[in-house]
1. What's the exposure ranking of E83, E111, going from fewest to most Cβ atoms within 10 Å?
2. Run the numbers for K200 and K107: contour at 0.36 nm per residue of separation, minus the present Cα-Cα distance, in nm.
3. Can you run phi through the Karplus equation (6.51, -1.76, 1.60; θ = phi - 60°) for segment 281-288 and list ³J(HN,Hα) in whole Hz, with x for Gly and Pro?
4. Could you give the length gained by full extension between N214 and L293, i.e. 0.36 nm per residue of separation minus their alpha carbon distance, to one decimal place?
5. Using a basic spin-label model with each label point 7 Å from the Cα along Cα→Cβ, how many nm lie between R187 and A277?
6. Each residue of segment 202-215 in turn: what ³J(HN,Hα) in whole Hz from Karplus with 6.51, -1.76, 1.60 and θ = phi - 60°, glycine and Pro shown as x?
7. In sequence order, what are the phi-derived ³J(HN,Hα) couplings for segment 19-36 according to the Karplus relation 6.51 cos²θ - 1.76 cosθ + 1.60 with θ = phi - 60°, rounded to whole Hz, with x for glycine and proline?
8. Determine, from the Cβ-Cβ distance of K245 and L143 and an R0 of 35 Å, the FRET efficiency 1/(1 + (r/R0)^6), rounded to the nearest 0.05.
Amino acid sequence: MDTSTPQPGKNRSNTGLLLLVVLLLISNVVMLWLLMQRGKEVEQGQQKVEALEERNEDVLGMLERTLNSYDSLQTENDTIKQELELQKQQVQELIEKVKRGNYSLAKAKKEAETLRSIMKGYIAQIDSLNRANQQLTAEKQQLTQDLGEEKAQKEALATEKAALEGRVAKGAVLHATSITAGALFVRNNGKQVDTERASKAEMVKCCFTLGVNNVTDAGDKTIYMRVISPDGKVLPTSDGSNRFKFDGVEGEYSAKREVNYQNQPLDACIFWTGGEALRTGQYIVEIYEAGALVSKANFNLK
């Protein structure tokens, strides 16, 4: 049997080794804890960065949507156009500040919300102007239509009036119920004798009967006679003053006289005594009153 006692040096060695192991374990635990804490801090920092980036993206998105909304606004009002351009510049400047990362996101978001609120006010204002313009356009179209209709009515009335005046004017023209014309020569005793011989003819006589006309005004009427010779010339008056208007033109007449017409049948005669020698052929005699043809006749000289 071994009755020897443990050696003190060996026990101390074991105790020291055990203490070292315990210290290493504690150190590892501490290191593990520190690593875990550092991991949590990194994760929290990453989450903060992600949240900041997300807020940054949200603010930028809000600003860009606001800018697009400003770009989409259309108006013809010059004052509003200028104001919109100023607001767009503010939005663009704010976007640049946020992108540079040296501007408070909270402040940027607040300003973005303010700009967006202002934009909504412009939208309401532009909508109001557009509705007013649409109303004015509709009223203008209605007014144009009314004026067009009124013009058409006036034109129709003017046409009807002109047609009526034309019918009245046409109805006011005197007409002859009978007309005769021929040449005369004067005997020594002053008696007028009809002739068909050009060598003897000295005068042209035209007699006619004006018919009943209740449309024309009663009173003195000037009757014009045109005697057209075979060569197409109008026999001139004795005094040479023989211009008058008829059928819308101005021409010559051979003789004229005044008659008093009272809307009842009236017999009248006109004489041409120009003193010009007459030639052979057919002569045309036309009677006019108020520029309109009353009647005409013809005769021949041999």
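1. Values: E83 15, E111 19.
Fewest-to-most ranking of E83, E111: E83, E111.
2. Working: separation 93, 0.36 × 93 = 33.48 nm, distance 12.57 nm.
20.9 nm is the gain from fully extending K200 to K107.
3. Ordered by residue, 3J(HN,Hα) equals x, 8, 10, 10, 10, 10, 10, 10 Hz.
4. Working: separation 79, 0.36 × 79 = 28.44 nm, distance 1.79 nm.
Taking 0.36 nm per residue and subtracting the Cα distance, the gain is 26.7 nm.
5. In this crude label model, R187 to A277 measures out at 2.6 nm.
6. 10, 9, 10, 10, 10, 10, 7, 10, 6, x, 5, 8, 8, 8
7. With coefficients 6.51, -1.76 and 1.60, one gets 5, 5, 4, 4, 5, 5, 4, 4, 4, 4, 4, 4, 4, 4, 5, 4, 5, 5 Hz.
8. Values: r = 44 Å, r/R0 = 1.26.
So, using R0 = 35 Å, E works out to roughly 0.20.
Just so you know, all these numbers are worked out from the coordinates, no wet-lab data involved. Bear in mind the structure is a predicted one, so any value in this text is a computation, not a measurement. Ideal geometry is used to build each Cβ from the backbone, glycine not excepted, and the neighbour counts take in all protein chains shown.
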